[in-house]
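The values are calculated or read from the model by the stated rules, or taken from the named source; none is laboratory data. In this text the structure is predicted, and so the values were computed from the model without any measurement. Using ideal geometry, Cβ is built from the backbone for each residue, glycine included, and neighbour counts are taken over all protein chains shown.
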Amino acid sequence: MQLPNLKEAKVRTKNKINIVKEGFILDDKYKNLGKNKTYYIKTYGCQMNEHDSENIKAILETMGFTESASFDSADLFLLNTCAIRENAHNKVFGMVGRIKHLKEQRPDIIAGICGCMAQEEAVVEEIMTKYKWLDLVFGTHNINNLPEILYNSIKKQKLEVEVFSCEGEVYENIPVKRDSKYKAWVNIMFGCDKFCTYCIVPYTRGKQRSREPKYILEEVKKLVEDGYKEVTLLGQNVNAYGKDLGISYGMAELLRDVAETGIDRVRFVTSHPWDFNDEMIDIIAKYDNIMPYIHLPLQSGSSRILKLMGRRYTKEEYITLFNKLKSKIKNASITTDIIVAFPGETEEDFNETLEVVEKCKYDSAFTFIFSPRIGTPAAKMEDNLSQEEKNNRLYKLNDLVNKYAKEANLKYQDQVVKVLLEGTSEKDENMLMGYTETMKLVNVKADKKYIGQIKDVKITDVKTWSMDGELID
Ligand code: SAH
Ligand code: SF4
Ligand code: F3S
């Protein structure tokens, strides 16, 4: 039993990061643990969690498990959770209730919780008191140890909790079962050291740890050989890539080298404005296969609130960077994240956020009401807005965001754009779907034989969140 500890999760030392080259080795005794059994994984949260689930799936398959065709029939359930806002908590425990119902009929079912919520002290306490019937809980630092945790849980027939609150290591060569044959997530760094005052990620994911360039480039080259068309370089703060490695090789150099592998499309998320430098912008502008799409979280348009958030930039610095990106990168599409009702946010502060949105006219934005996270400094700040006022601010912001999203999309009407056709469309199974270089979702009238290809598509209809188009040939 190893429980999470908030105090330990906060610690940052100057110790060198340990790189474990063989990050996963399966002991013979776990090889048949999943024989004739199926698994079901539900993933919440960000792309990093999505990618972790791809690793978890592959690890389970080394033990003989196969993916379940449906929720009801699975033998093993894992919920890979997100802790970024409170509402995730309710969703996860709603799902836990559904699994309990199945377990009452089939007591052999194994059920576990992993991911960022598992790193929270309060959540694990809640599990140990109210959900003791669960079988396993593990965190973000020990995915590679899943076979042993599962084995122990089955052997002891009781809840096995193994969560480390540490700075973390870098594990290479973890197996992966990718969800797509055309697009791949590639971790370039783990953790975060920015400690924005509202954010739980530095506590749930540990210290900022970059992977060495050679491992990233090997992974991308292999993906190119395997026919992948797109890679997305992942990190909470990708612009700071390499700063912890103590070498003079950063995100600009990495982007250049990844682009030079010849892969059709290179994307990256997320860019913290603080670390965005001119070299990076020049590289993005120079290479046609680095996509002109940047997610640049604003969080707030008030410099006063930005300071309270610990974001390290002012409204003016953000706008200067935004304008530079727009002027240097041809047709760049820029999206953002915004939090409303941060503790102490006045009407004036909020209006400044609206002003920045009016200036930047984002292609799209993810907007949130501030959610206090236990252990973060902002959770202790005085919050004196009513729920009604918080909701009103969110609605007002969303109206503006949607207006500009639609405006940005309207520019695409009758244009011809390149779309990577990924699969069948959710809204119509006779259509395909994919994304433009600028990350716009397009539903395309096209034959299934084109799945996996980048095609020229003429946009025939534009909506706020998607577009329709047809192939031109
Ligand atoms: N690393 C990214 C953000 C990852 S979290 C960055 O620095 O930009 C994704 C988004 O969730 C954040 O950009 C923020 O807008 C939102 N978020 C994070 N913590 C939050 C909280 N406590 N309440 C509400 N929204 C939050
Ligand atoms: Fe959270 Fe800030 Fe790190 Fe982003 S940069 S993950 S918002 S602490
Ligand atoms: Fe959520 Fe953890 Fe990602 S808190 S946003 S899943 S890093």
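Of note:
- Of the residues 440, 463, the single one that is closer than 30 Å to residue 351 by Cβ, crowded, with 16+ Cβ neighbours inside 10 Å and among the charged types (D, E, K, R) is 440.
- Only residues that are of a type in the set (S, T, N, Q) and part of a helix (DSSP H, G or I) were counted in segment 220-254, giving 1.
- Residue within segment 128-135 that is within 16 Å of ligand 1 (Cβ to nearest atom) and either surrounded by 15 or more Cβ atoms within 10 Å (Cβ to Cβ) or assigned to a loop (DSSP other than H, G, I, E, B) (or both) present: no
- Options 198, 241; residue that is within 16 Å of ligand 3 (Cβ to nearest atom) and buried (at least 22 other Cβ atoms within 10 Å of the Cβ): 198
- For segment 24-71, the tally of residues that are exposed (fewer than 15 other Cβ atoms within 10 Å of the Cβ), of a type in the set (Lys, Arg) and part of a helix (DSSP H, G or I) stands at 1.
- Residue check for residue 114: within 23 Å of residue 51 (Cβ to Cβ), more than 16 Å from ligand 2 (Cβ to nearest atom) and in a loop (DSSP other than H, G, I, E, B): no
- Residues (without any contact (Cβ under 8 Å) to a residue 60 or more places away in the chain and farther than 29 Å from residue 176 by Cα) located in segment 8-33: 14
- Residues that are surrounded by fewer than 18 Cβ atoms within 10 Å (Cβ to Cβ) and within 16 Å of ligand 1 (Cβ to nearest atom) do not occur anywhere in segment 216-230.
- Selected residue (only one of 229, 207 is in contact (Cβ under 8 Å) with a residue 60 or more places away in the chain, within 13 Å of ligand 2 (Cβ to nearest atom) and of a type in the set (Lys, Arg)): 207
- Here the condition is being assigned to a loop (DSSP other than H, G, I, E, B), modelled with pLDDT of 95 or more, more than 15 Å from ligand 3 (Cβ to nearest atom) and of a type in the set (Val, Ile, Thr); of 176, 161, it holds for 176 alone.
- Scanning segment 179-195 for residues that are assigned to a loop (DSSP other than H, G, I, E, B), in contact (Cβ under 8 Å) with a residue 60 or more places away in the chain and either surrounded by fewer than 17 Cβ atoms within 10 Å (Cβ to Cβ) or within 16 Å of ligand 3 (Cβ to nearest atom) (or both) turns up 179, 180, 181, 188, 193, 194, 195.
- Any hit, segment 9-22, residues being within 16 Å of ligand 2 (Cβ to nearest atom), closer than 20 Å to residue 140 by Cβ and outside any loop (DSSP other than H, G, I, E, B): yes
- Answer from 109, 174, 154 - the residue that is in contact with a helix residue (DSSP H, G or I) (Cβ under 6 Å, 6 or more places away or on another chain), hydrophobic (A, V, I, L, M, F, W, C) and more than 21 Å from residue 49 (Cβ to Cβ): 109
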